[in-house]
Each structure stands twice: as C-alpha cells, then as structure tokens.
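The values are calculated or read from the model by the stated rules, or taken from the named source; none is laboratory data. Remember, predicted model here, so these are calculated numbers, not experimental data. Because the Cβ atoms are built from the backbone with ideal geometry, glycine has one as well, and the counts that use them run over all protein chains shown. The protein model used for the area step is the full one, side chains on, heavy atoms only, and it has no ligands, DNA or RNA in it. Shrake-Rupley method; radii C 1.70, N 1.55, O 1.52, S 1.80 Å.
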Amino acid sequence: EGLAFSLKRQPLKQLLINYKNNHSDEKSLIEASIQFLESTPQCFNRNNLNGHFTGSSWIVDETREWVLMTHHRKLDLWLQLGGHADGCSDLLKVALSEAREESGFNVFNVLSPDIFDLGIHRIPKYNNTPAHFHYDVRFILESPHGTENIIVSDESHDVAWIHKNDVLNKNPEESMVRMLKKTSVNFAP
C-alpha cells in the first residue's frame, strides 16, 4: 500500500493534528487515534475486526437548543448519528451520508469542516461480529428543526430532536457532556 496508504490518511491526520492543537485536554484520545491511523492498513474498513474509523454528526438546530439523536438499535443507547466509513477516508463525507440515511433529512449546514469531537468506544460482540473498537470522528452540523419529517432507519429504535437539557438524561457519557459544552462555547447561535 505504501504511498497510497500514506496519501489516503494524510487529510485525516492533519485534521487530528489541528484538533490536538485546539484540544490539548484530549491529548491521549487524539494520540491513540493518530497511532491507530498510522499503524492500521485497513483502518477505514469494518472488516478490520480490531477496530475501524467511523464518521458521526452532532446535529443541532439553528437555536442550539435541540440535538438530533438516534436510539441505536444494536447498542440500545441514544447517540449522535453516524456509522461505518466502508473504506472512505473522508469522514466528513461519511458523517453527512450517515446523517441523511439515518434521519431522512436532506438539508445540513456544515458548521465547521474541522473535527468537532472524538471518541473511542469498545463495541460489544454482536451476532457473528466480535467485540472491537470504533474510532469515532465527529463533525458538527446544523439542520432546521421541524421542517423535515424524520424517517427512522432500520438501525434505530427512534430518531428524535432532544432538548439540550435532556441529552444527558438520555446518555450521560463524558463525550455527550463534552459535545454539549463545545456547542455552547464554540457554536453559540
């Protein structure tokens, strides 16, 4: 793979370096992601059973009062919308595609092309798929609240606009706390 391996990864590596410069408090998470990116030839493919990159969207409305979330069927958790890269190294493109697929929405405004948040999560064994890690790269998007009908995909129990004050009642994970804080600090309406 050699040069092609390196070139395909360079844009994500630069995004991770930029993110590290702005979020030094997340240094270990970022360094683990860079290490995985540099050391794993099939890091964008779901058939890499150790782990793989995923692309997700933290979707807010224009008031920043509401977050579009999915009640994930396999994990039984309320999460941001997102999914597998399936070989694509452009994780913003993946995040947008997954947001459309999982919500039925067509209108998204990319509030920043930079990484909004990162997460590394152990995904439990499911059917014939062994436990593995998702290196989740998240971007912040905006979509109008109430102008499009939500279409729930087979991957979800539900997709709904959740008021920012209720997000942590749905999922109290540290990354949810972080994303709410980043929204209010960096993306005020």
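Identify all residues within the stretch 144-189 that are outside any strand (DSSP E or B) and of a type in the set (A, V, I, L, M); write none if there are none.
We begin by selecting, within the stretch 144-189, every residue outside any strand (DSSP E or B); these are 144-155, 164-189.
Result: ILE150, ILE151, VAL152, VAL167, LEU168, MET176, VAL177, MET179, LEU180, VAL185, ALA188.
Of all residues in the stretch 130-170 being exposed (fewer than 15 other Cβ atoms within 10 Å of the Cβ) and of a type in the set (Val, Ile, Thr), which is nearest to the chain's Cα centre (by Cα)?
It comes out as ILE151.
Of all the residues that make up the stretch 116-129, how many are charged (D, E, K, R) and buried (at least 18 other Cβ atoms within 10 Å of the Cβ)?
Initially, the stretch 116-129 is screened for residues charged (D, E, K, R), giving 117, 122, 125.
Then keep just the ones that are buried (at least 18 other Cβ atoms within 10 Å of the Cβ); that gives 117.
Qualifying residue count, the stretch 116-129: 1.
I'm trying to understand the selection: among the residues of the stretch 32-46, which are open to solvent by 80 Å² or more (accessible area, probe 1.4 Å) and modelled with pLDDT of 95 or more?
GLN35
With the structure loaded, tell me whether PRO113 is open to solvent by 40 Å² or more (accessible area, probe 1.4 Å), modelled with pLDDT under 95 and not hydrophobic (A, V, I, L, M, F, W, C) or whether it fails that test.
Details: open to solvent by 40 Å² or more (accessible area, probe 1.4 Å): yes; modelled with pLDDT under 95: no; not hydrophobic (A, V, I, L, M, F, W, C): yes.
No.
Going residue by residue through the stretch 111-122, is there one that turns out to be of a type in the set (A, V, I, L, M), part of a loop (DSSP other than H, G, I, E, B) and within 18 Å of ILE59 (Cβ to Cβ)?
Checked against the condition, which is being of a type in the set (A, V, I, L, M), part of a loop (DSSP other than H, G, I, E, B) and within 18 Å of ILE59 (Cβ to Cβ), the stretch 111-122 yields at least one hit.
Go through the stretch 48-77 and count every residue that is among the hydrophobic types (A, V, I, L, M, F, W, C) and at pLDDT below 95.
Of the residues in the stretch 48-77, the ones among the hydrophobic types (A, V, I, L, M, F, W, C) are 49, 53, 58-60, 66-69, 75, 77.
Checking which are at pLDDT below 95 leaves us with 49, 75, 77.
Result for the stretch 48-77: 3.
Quick check on my filter: what residues within the stretch 159-177 are under 18 Å from GLU65 (Cβ atoms) and among the charged types (D, E, K, R)? So that I can check it myself, show each step before the final result.
So the first thing to find is which residues in the stretch 159-177 are under 18 Å from GLU65 (Cβ atoms), and the list is 159-171, 176-177.
LYS164, ASP166, LYS170, listed by residue number.
Just to confirm my filter: which strands (runs of 3 or more DSSP E) fall fully inside the stretch 58-106 and include at least 3 residues that are open to solvent by 20 Å² or more (accessible area, probe 1.4 Å) and not acidic (Asp, Glu)?
On the way: elements: 66-72, 77-79, 81-84.
Answer list for the stretch 58-106: 66-72, 77-79.
Return the total of residues in the stretch 130-155 being at pLDDT 90 or above and within 19 Å of ASN106 (Cβ to Cβ).
Number satisfying all stated conditions: 6.
Find all pairs meeting these conditions: Cβ atoms under 6 angstrom apart; at least six residues apart or on different chains; first residue within the stretch 81-98 and without any contact (Cβ under 8 Å) to a residue 12 or more places away in the chain; second residue basic (Lys, Arg).
Nothing qualifies.
When only residues in the stretch 1-31 that are closer than 16 Å to HIS134 by Cα and either in contact with a helix residue (DSSP H, G or I) (Cβ under 9 Å, 6 or more places away or on another chain) or of a type in the set (Ser, Thr, Tyr) (or both) count, which is most open to solvent (accessible area, probe 1.4 Å)? Lay out the reasoning, then the answer.
Taking the stretch 1-31 first, the residues closer than 16 Å to HIS134 by Cα are 12, 16, 28-31.
Going one step further and asking which of them are either in contact with a helix residue (DSSP H, G or I) (Cβ under 9 Å, 6 or more places away or on another chain) or of a type in the set (Ser, Thr, Tyr) (or both), we end up with 12, 16, 28, 30-31.
Values: LEU12: 6, LEU16: 0, SER28: 94, ILE30: 0, GLU31: 78 Å².
Taking the candidates together, the pick is SER28.
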